Amino acid sequence: MLWGETGRQLVGCCLNTQLVPSAVSTPFYRIQSRQGCWTEPPVAPGPFQSRWGQCLLFDSRDLDAASGRARQRWLASPPFRGAQYVGASGCDQIILWPQQNRALLVWHFYHAALGQSYGALGEILTRCDQALEQLSADMRRFAQSRIRLSGLLLVPDLSRSATHDHRQKDECVALEIGPRLSSGGGIHALCLPPDVDAWKRFSTDLEKGLELVIEDSLRSA
């Protein structure tokens, strides 16, 4: 939960920096965390305006209220065609561009032993690709959805492999390129550094990395 909370705030900060908020989104912070969470719903900022039209951010935590009404509304009146099936992916957030029929599914993925096995992240991206292929097929079949999906994993690079390899360069956030979906979308990962040496370059690199992923998910198939 704590890594998910970190990832949510990083994504929100990047979107607020890169895009133009259509309304003021004020985060509500708790004095003490609850199950690793410091923010209170609603946690998703936005909506935003971008050069691709309106951008909406949906967060799974906003559907987890004790009453269950938000989840019921999501299923009864999906905010976009096929939205009721997206939960099967287990994603934490959805960045949607309605006018473009594009959606970027975001996972805040924490794996302590990920860097100990060469190619492990690539295998995970491949499985994500297979899951999104199936999800896209289900959305087309059962909801006549034409939204093109892409995926992004925010991963803590606990092995410091990404930061070590690029220590003498400008980059400290590593972009891992994954498979392409048949619809044209892609699966990528942003590997975030844990070491303090990279912190002074962290925000700039993260913003550039997320911008590249967003542009890739919005480019023509």
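Here are some notes:
- Among residues other than L125 with Cβ under 14 Å from its Cβ, the summed charge is -3 (Lys and Arg +1, Asp and Glu -1).
- Value at 222 nm in deg cm²/dmol, rounded to 500, when DSSP H runs of n ≥ 4 in the chain each add -39,500 (n - 2.57): -11000 deg cm²/dmol
- If only the Cβ of Lys and Arg carry +1 and only the Cβ of Asp and Glu carry -1, the dipole of the chain around its Cα centre is close to 760 debye.
- Structure-derived Rg and Dmax of the Cα atoms in Å - corresponding label in (i) 16.7, 60; (ii) 15.6, 44; (iii) 17.2, 52: (iii)
- Local electrostatic count, G82, Cβ distance below 15 Å [Lys/Arg +1, Asp/Glu -1]: +4
- Burial order of peptide ranges 29-41, 10-22, 181-193 (average beta-carbon count within 10 Å, highest first): 181-193, 10-22, 29-41
- Among beta bridges that DSSP assigns inside the chain, antiparallel share in %, nearest 5: 60
- Average Cα contact separation per residue, the chain, under 8 Å, 6 or more apart, as relative contact order %: 16
Each reported figure results from applying straightforward, stated rules to the coordinates on display, with no laboratory input. Only a predicted model underlies this, so the values are computations on that prediction, with no experimental measurement involved. With ideal geometry, Cβ positions are generated from the backbone for all residues, glycine too; neighbour counts draw on all protein chains shown.
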